[in-house]
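To keep things clear, I will list the structure first and then write my remarks on it.
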Ligand code: C2E
Ligand code: MG
Ligand code: MG
Ligand code: MG
């Protein structure tokens, strides 16, 4: 009986394993296909200056509408793309597309807007990563200081020694570097000081906690203070309500990004927004 039970368990494990395995293989196949067939799009979410309500730039966010799977969130496919290394060609497509889009604003006379692009550490660890970034700037004509690379805090800490020299080189070229989802990882304040970064993006989990004006959670405020003391620009992510906006304004964040301002927009809607010269009313 014990043998039978064991066998039964094994079978169950085997089946679910196979199912998961097949799903991953399929997802990988569809991702590869998606890249070839142009199924990816970039959406752009405005970042707004807390000081004057002007749009300072946009974060490029990938969108995938698969004919087989429908809309798939980057939260579910980026990890698979990283594990299969497909993130390398996908990430290259993202960077070139985003730089070309930002560069076109200037050509059309809409002014200068920074473009922030999420970069996976898998990409950064590639030997030709720096060449690829420099090529994206050259080919699209985007000024280096209008490009910001966003790297998540957790990932950077895992490969600190290999990444710091690369980041330092990119910084020396004028490219901006943001530490994304800050506060969720485990960088010590000491290592923060050694990172050649320009921007801290406070993770939205800290902003979510701001729900009652009378009880402002001091953690978000402390993070802003640290960033400012280190001479970094501080961006609050995931600002959804007026209350949260007021809070981050009082905490002296430099920029806000979130549904309170705008959801990520298609290329067409982004151009419309820029043309409208919209200034956001960020009241006190
Ligand atoms: P992230 O870089 O931290 O991007 C911010 C995420 O928060 C985006 O989710 C954005 O749509 C969402 N968001 C913005 N404002 C609000 C708000 O007010 N409330 C809430 N609840 N959410 C808000 P999205 O687009 O689903 O992307 C998820 C993550 O996927 C990104 O997090 C980033 O880590 C990754 N990702 C997206 N595009 C790319 C890409 O092109 N390359 C790489 N490597 N990763 C990407
Ligand atoms: Mg980001
Ligand atoms: Mg983030
Ligand atoms: Mg995130």
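Structure notes:
- Filter result for residue 163 (modelled with pLDDT of 90 or more and in contact with a strand residue (DSSP E or B) (Cβ under 7 Å, 6 or more places away or on another chain)): no
- Screening the candidates 192, 147, 86 for the property of being over 20 Å from residue 57 (Cβ atoms) and either within 14 Å of ligand 2 (Cβ to nearest atom) or touching a helix residue (DSSP H, G or I) at 6+ places or on another chain (Cβ under 7 Å) (or both) yields one hit, 86.
- Those strands (runs of 3 or more DSSP E) of region 40-97 in which at least 1 residues are touching a strand residue (DSSP E or B) at 6+ places or on another chain (Cβ under 6 Å), in contact (Cβ under 8 Å) with a residue 24 or more places away in the chain and away from ligand 3 (no atom under 15 Å from the Cβ), considering only elements entirely within it, cover 40-49, 55-66.
- Condition check for residue 271: under 29 Å from residue 160 (Cα atoms), modelled with pLDDT of 90 or more, more than 16 Å from ligand 4 (Cβ to nearest atom) and not in a strand (DSSP E or B): no
- Taking each residue of region 134-151 that is closer than 10 Å to residue 102 by Cα and looking for partners that are assigned to a helix (DSSP H, G or I) and within 16 Å of ligand 3 (Cβ to nearest atom) with beta-carbon atoms closer than 6 Å, six or more apart or interchain, yields nothing.
- Residue 170 vs. criteria within 16 Å of ligand 4 (Cβ to nearest atom) and within 17 Å of residue 99 (Cβ to Cβ): no
- Boolean, residue 160 is within 12 Å of ligand 1 (Cβ to nearest atom), farther than 27 Å from residue 103 by Cα and under 19 Å from the mean Cα position of the chain (by Cα): no
- Those helices (runs of 4 or more DSSP H) lying entirely in region 126-196 with at least 2 residues surrounded by 15 or more Cβ atoms within 10 Å (Cβ to Cβ): 129-140, 153-158, 160-172
The values are calculated or read from the model by the stated rules, or taken from the named source; none is laboratory data. If you're wondering where the values come from, they're calculated on a predicted model, not measured in any experiment. Using ideal geometry, Cβ is built from the backbone for each residue, glycine included, and neighbour counts are taken over all protein chains shown.
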